Amino acid sequence: MPGDDLRTSELAHSQPSEVRTPPDKRDLGAELFALAEELYPICRSITGNGVRETLRILARRMPLEIREVPTGTQVFDWVVPQEWNIADAYIEDGAGNRIVDFRDHNLHIVGYSRPFRGALALDDLKKHVHTLPAQPELIPYRTSNGGKLFPIIYHEWLGIERLASMGGRP
């Protein structure tokens, strides 16, 4: 939750665990792919635990100086926001089955969304969902929430609508 995890300034120096010689070009692609596979699932925003985890992984490969700056600090024309960390988010049907799940893909939630727990009628849920009907297999990427919390695959949304039309509860 925003504000739950405010940090004070810290300075950490990291060095790679070993000095590495440049890899053979054939190995470089595999190494970069492995790094991308490791970094991709991490839920990152501009602050928070996902950024720290990402920097720790990168620090194993190169020297980094990592500085944490307190919330509210003015940096040029920007003010450092409160951290936003998330543990879980989902939409489930009336039987408790998760239809949309942040654990399946971290794009299923918009960063800095406010926590919500409760049941919604379909018309109310529609106000909080992003889809791309022209690209129905894709999860939309959103950088600000505009009041909508859940970017989901259009086909998943159609399933929720179908369930509701048969008298089920999203």
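The values are calculated or read from the model by the stated rules, or taken from the named source; none is laboratory data. Since the structure is predicted, the reported quantities are computational estimates derived from the model, not experimental observations. In this analysis, Cβ positions are derived from the backbone assuming ideal geometry, glycine residues included, and neighbour counts consider all displayed protein chains.
If a residue has to be hydrophobic (A, V, I, L, M, F, W, C) and at pLDDT 95 or above to count, how many in region 47-57 make the cut?
2
State whether the residues of region 108-117 include one that is under 26 Å from residue 38 (Cα atoms), outside any loop (DSSP other than H, G, I, E, B) and not assigned by TED's automatic domain parsing to the domain that holds residue 47.
Looking through region 108-117, at least one residue is under 26 Å from residue 38 (Cα atoms), outside any loop (DSSP other than H, G, I, E, B) and not assigned by TED's automatic domain parsing to the domain that holds residue 47.
Are any residues in region 60-106 out of contact with any Lys or Arg (no Cβ under 6 Å at 6 or more places or on another chain), in contact (Cβ under 8 Å) with a residue 24 or more places away in the chain and not in a loop (DSSP other than H, G, I, E, B), and if so, which ones?
Residues satisfying the conditions are 64, 65, 66, 67, 91, 99, 100, 106.
Counting only residues that are polar (S, T, N, Q), at pLDDT 85 or above and surrounded by fewer than 16 Cβ atoms within 10 Å (Cβ to Cβ), how many does region 109-150 have?
1
Just checking, does region 67-89 include any residue being in contact with a strand residue (DSSP E or B) (Cβ under 6 Å, 6 or more places away or on another chain), of a type in the set (A, V, I, L, M, F, W, C) and modelled with pLDDT of 90 or more?
Within region 67-89, none of the residues are in contact with a strand residue (DSSP E or B) (Cβ under 6 Å, 6 or more places away or on another chain), of a type in the set (A, V, I, L, M, F, W, C) and modelled with pLDDT of 90 or more.
Find the residue count for region 76-92, including only residues that are surrounded by fewer than 16 Cβ atoms within 10 Å (Cβ to Cβ) and under 30 Å from residue 164 (Cα atoms).
Of the residues in that region, 4 qualify.
Take the residues of region 118-129 that are assigned to a loop (DSSP other than H, G, I, E, B) and aliphatic (A, V, I, L, M): which is farthest from residue 47 (Cα to Cα)?
121
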